[in-house]
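The structure appears right after this line, and notes come after that.
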Amino acid sequence: LALWLLAAPSTTITVPKHCKADLSPIGNSYPSPLHSIHVQPLLTPEEASRCLELARAHAAETGCWERKDSDRHAAYATCDFPIEECDHLSSYLEDIDYHERILGSMAEVYGLAMEDLTYLDFFCANYEAREGVDANRNIMDRLEPHRDGSLLSYSVLLTPPSNFEGGGTIFDALRDVEPTEEYRGVLHTNGVIRPNNAGDCCLHSGKLLHGADPVVSGERTVLVAFVDVAEWCQRPKTLALACRDWGRMDVASYRLKRQEKMTKGGLKEGSVASRSNDIKGWVLNNGRWLSEGSAVRGYVPAFETVERRGQIKFQRKKKLEAEDILLRDILLDKDERDSPSAYFGGDVTVL
């Protein structure tokens with residue numbers, strides 16, 4: 001196994017610099033370890049094949065790939081099953097030291113200790129092309145862009161790439177990166193990463209905006225995990241600041257959409273009849289809260305800043321900037337990290 005892993009090629013793709021500043025607000029430079037996406041061998045072809053066989057048997061028995069699980073993944077439901085529910089696959093992964101191998105790789109490339117990594121979720125997902133599939137089956141061929149609840153994530157391809165077309169993990173931050181030879185055929189246009197072999201894993205920050213590119217033929221099965229990093233390794237408030245900036249863009253987009261609605265289908269009932277339909281805006285009446293001289297009543301056109309902040313191009317730019325700063329700042333340097341006992345004030349009880 002060791003010789004096979006050494007012989008198999010690995011690929012590292014660095015997320016481009018999206019924040020123009022050389023230093024983040026707290027003085028960190030680009031790139032950080034989290035700017036790197038690593039595609040490397042993890043399982044041998046035989047191990048990947050065995051995992052796929054066990055996963056398919058469980059899915060056939062339970063029907064879990066025939067419907068999306070919105071209970072476990074409410075925002076982005078997927079056709080999957082938790083590994084802990086499949087005893088045969090769970091036992092096999094233990095037998096081949098799977099967790100030590102994958103978490104050891106993550107710890108090494110991101111400058112962490114294995115003890116600092118914990119699973120938030122570990123499951124097996126299946127993507128299937130929709131063409132020719134019974135409309136009554138609630139299958140999944142793609143996954144919309146999202147950010148995971150964990151700082152780190154990974155996926156392990158179980159299906160040989162020759163068995164399907166399309167698919168792969170798409171990263172918004174890589175959309176403009178040219179897929180040159182240095183990426184060994186792993187990086188494709190529009191920021192799609194497709195491992196070359198069954199058993200290869202893709203390691204990345206879960207806070208990178210990513211999704212699953214559509215599978216256009218066949219089926220693609222992957223092991224996926226959300227891996228959290230211990231709090232004593234993370235800089236406080238960094239994630240909160242990024243969420244604030246992402247949220248502000250979402251609010252700006254929602255505000256513009258609300259104002260654009262006023263121009264569709266004519267005037268709203270009770271609005272000023274002379275208002276032109278091609279002007280964006282909304283009807284305000286804040287006299288209930290403001291004094292007579294400050295109150296606004298009637299139609300108010302959208303400001304230029306509202307339109308600019310709501311534009312897709314501007315939205316993407318600002319979200320990528322916030323993402324870049326998060327990747328630079330969230331991991332503490334090793335000499336800045338507290339020990340677990342110090343983090344909990346010296347009171348650590350082993351149960």
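Here the label points at Thr180 and Ser29, each 7 Å from Cα along the C-beta direction, are separated by 2.1 nm in the simple model.
Accessible surface for the chain, divided over its residues, is 54 Å² per residue with a 1.4 Å probe. Solvent-accessible area of Met140, all protein chains in place: 0 Å² (probe radius 1.4 Å, heavy atoms, ligands and nucleic acids excluded). Entry note, the stretch 144-263: relative contact order of 38 percent, from Cα contacts under 8 Å with a spacing of 6+ residues.
Taking a cut-off of 20 Å between Cα atoms, list the lysines near Lys257, but don't count ones fewer than 8 places away on the same chain. Lys257 reaches Lys268, Lys280, Lys313, Lys317, Lys318, Lys319. FRET efficiency for the pair Lys237 and Leu120, taken as 1/(1 + (r/R0)^6) with r the Cβ-Cβ distance and R0 = 22 Å, rounds to 0.60. Which whole-angstrom value gives the distance between the alpha carbon centres of the stretch 81-119 and the stretch 169-243? The stretch 81-119 and the stretch 169-243 have Cα centres separated by 18 Å. Our summary gives the stretch 103-145 a relative contact order of 25 percent, counting only alpha carbon pairs under 8 angstrom and 6 or more residues apart. Expressed as a whole percent, the accessible area of the chain that falls on carbon and sulfur atoms is 50 (1.4 Å probe). Under the classification rounded if a/c is under 1.5, otherwise prolate if a/b is larger than b/c and oblate if not, where does the stretch 51-184 fall, given a ≥ b ≥ c as square roots of the Cα gyration tensor eigenvalues? Taking the square roots of the gyration eigenvalues as a ≥ b ≥ c, the stretch 51-184 is oblate. In the chain, Cα pairs under 8 Å separated by at least six residues give a relative contact order of 20 percent. Given their separation in residues at 0.36 nm each and the Cα-Cα distance between them, Val300 and Arg142 gain 52.8 nm when the chain is fully extended.
Counting only aspartates and glutamates at least 8 places from Lys261 when in the same chain, those with an alpha carbon closer than 12 Å to its own are Asp278.
The values are calculated or read from the model by the stated rules, or taken from the named source; none is laboratory data. Only a predicted model underlies this, so the values are computations on that prediction, with no experimental measurement involved. Cβ: placed from backbone, ideal geometry, glycine included. Neighbour counts: every protein chain shown. The protein model used for the area step is the full one, side chains on, heavy atoms only, and it has no ligands, DNA or RNA in it. Shrake-Rupley method; radii C 1.70, N 1.55, O 1.52, S 1.80 Å.
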